[in-house]
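The values are calculated or read from the model by the stated rules, or taken from the named source; none is laboratory data. It should be emphasised that the depicted structure is a prediction, and the values quoted were computed from it without experimental measurement. Methodologically, a virtual Cβ is constructed for each residue, glycine included, from the backbone with ideal geometry; neighbour enumeration extends over all protein chains shown. Ligands, DNA and RNA are stripped out before the accessible areas are found, and what is left, the full protein with its side chains, is counted by its heavy atoms. Shrake-Rupley method; radii C 1.70, N 1.55, O 1.52, S 1.80 Å.
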Amino acid sequence: MIILKDSKKFVVMKLKEKHRDFDVTIVGGGLVGMACALTLSNLGFKINLIEHTENSHNSHPSYDDRTLVVNQASIRFWQNLGIWENLLDDITPIKQVHVSNKGHFGVVKFDASDFEIDELAFIVEAKKLGMSLYQKVIDNQSINLICPAKFLEFNNLDDSIEIKYQFESEEFTDKSTLMIAADGIQSGIRKTLNLPTEVKSYERTAIICNITPELKHNHCAYERLTKEGPTALLPFMNNRCGFVWSVKSSEADEIMSLSDSEFLKRAQTQFGYRLGRFLKVGKRSCYPLYFVKVPQQTSNRVVLMGNAAHGVSPVSAQGLNLAVRDIANLVDVMELAIEKNNDIGSVQVLEKYQQSVDTDQTQTMQYTDDLMEWFKLDEPVINKIRSLGLFSLQQSNVAKMELFKRASGYRGLTPKLLRQS
Ligand SMILES: Cc1cc2nc3c(=O)[nH]c(=O)nc-3n(C[C@H](O)[C@H](O)[C@H](O)COP(=O)(O)OP(=O)(O)OC[C@H]3O[C@@H](n4cnc5c(N)ncnc54)[C@H](O)[C@@H]3O)c2cc1C
């Protein structure tokens, strides 16, 4: 077999044999698929990574302009994976968070110094993180990246799973002990498995863009709670800010089609003048907001990860942070299985993984859902309760510390990859 790796564009595999064996096959080489490949290869597994879209392609979700909030647990994860050190020139610290309830009293402020740390979180562009992961994948001899290749189907055997995919118009079949479905929110594998999936549309769309304000952001992230959903302004490089604006889906097309100056005016009305006038806006993209819950994410020799396993609204900045904690838990479960000489694709081992992530996923998804639903209600009594809630939170350091711990991604037992090495 000859494998030709070209890090500039995409990877081409020249296969001599059509059937090969792997420990783990990962379908989907997005941020989650690549992170799974790297962490599991560190356990000594031989990995097959099948990705459909070339990394140079504009439609690839891991290489777009979205800004990601990376919380404390995820920072530790990327550090332990050797990714963080390559991102140091591209990250922006969040030192303060300011939460307000549009049109009503009540503000909560979080300051890194209150928790005796230098920053609450960091912001990084998805494409920088994606490129850094991609480079590591390319350099890793235990990872066999096949791209652009399309996963077609799988077939369970007694002690392995057969995976069929298409590469350069030829079909291949590989065998694997475990298959990870990291094939995104529309996961074809999840549908084939027929796993019960709860999908809820919020009837809201997040419009995302970069905005340059008149005043310095001073590394403060703003979250404004409105009846259309939360709106966030996140500090970024060169005094730009990542703007995440939830709008009614029925109004999204009209807002997207506004001229830059009209758009800035509307965004300003939504956000207010805390950072002075909005001066400039970059390219806009929009994402309809859904809640996707899959209570059972494992099946015989298959586990769903990342967006294939759960979809949370980007306004809470939790999707990838949650996926990272899932991966760290999966690695712990796999390590234990190796130690005990257990079959890593067995129902028993995968059930242990499911149990290890259940509580965290349920709580994180509930928090995100509350954020979307609770602030939709625009009634005087509820507005008062919300304002009083924010007011009381601001007065209580204990409550703030509890909330910060949760937002940082530290809940319950801490898997190895989220601990300081
Ligand atoms: C606007 C926005 C802002 C966000 N902000 C944050 C944030 O601040 N913090 C945070 O933690 N999260 C955030 N998120 C969420 C985060 O971006 C996602 O959780 C994460 O990118 C999911 O990655 P994934 O690899 O699971 O899925 P995807 O990125 O969708 O990757 C799936 C991959 O599978 C491939 N694929 C699909 N089908 C096949 C097939 N048949 N064969 C081969 N390959 C296939 C696709 O090409 C793709 O590369 C945000 C999301 C959005 C939309």
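Using the 1.4 Å probe convention, the accessible area of the chain works out to 46 Å² per residue with neighbouring protein chains retained.
Extension gain, THR192 to ASP139, is 15.8 nm, computed as 0.36 nm per intervening residue step minus the present C-alpha separation. Using a simple spin-label model with points 7 Å from Cα along the Cα→Cβ vector, what separation in nm is obtained for ASP90 and ARG411? With each label point 7 Å from Cα toward Cβ, the separation is 2.9 nm. Normalised by 2.2 N^0.38 Å, where N is the number of residues, the alpha-carbon radius of gyration of the stretch 140-280 equals 1.57. The residue list LEU157, VAL244, ASN342 was ranked by how far each Cα lies along the charge dipole of the chain toward its positive end, using unit charges on Cβ atoms, and VAL244 comes out on top. Remark: the ILE185-SER201 segment gains 4.4 nm on full extension, using 0.36 nm per residue and subtracting the alpha carbon distance.
Taking all Cα-Cα distances within the stretch 274-327, those exceeding 13 Å account for 70%. A convex hull fitted around the alpha carbon atoms of the chain yields 145 Å³ per residue. Global size of the stretch 251-340: 20.4, 63 Å for Rg and Dmax (C-alpha atoms, Rg to one decimal, Dmax whole).
Take the alpha carbon atoms of the stretch 335-370, find their center, do the same for the stretch 106-146, and report the distance between the two centers in whole angstrom. Comparing the Cα centres of the stretch 335-370 and the stretch 106-146, I get a distance of 23 Å. Note on LYS216 and LYS164: their simple-model spin labels are 6.2 nm apart, each label 7 Å out from Cα toward Cβ.
Annotation for GLU116 and TYR367: the two label points, set 7 Å from Cα along the Cα-Cβ direction, are 2.2 nm apart. In the chain, the portion of solvent-accessible area held by carbon and sulfur atoms comes to 50 percent [1.4 Å probe, whole percent, DNA, RNA and ligands not counted]. FRET efficiency for LEU43 and LYS283, Cβ-Cβ distance as r, R0 = 45 Å, nearest 0.05? So the FRET efficiency works out to roughly 0.70.
Pairs from the list LYS200/LYS416; LYS136/LYS416; LYS127/LYS150; LYS136/LYS280; LYS200/LYS352 with a Cα-Cα gap above 31 Å: LYS200/LYS416; LYS136/LYS280.
Accessible surface comparison of ARG66, ARG419, ARG325, probe 1.4 Å, protein chains only, largest first: the order is ARG419, ARG66, ARG325. For the stretch 220-249 and the stretch 395-421, what is the centre-to-centre distance using only Cα atoms, to the nearest Å? Comparing the Cα centres of the stretch 220-249 and the stretch 395-421, I get a distance of 23 Å.
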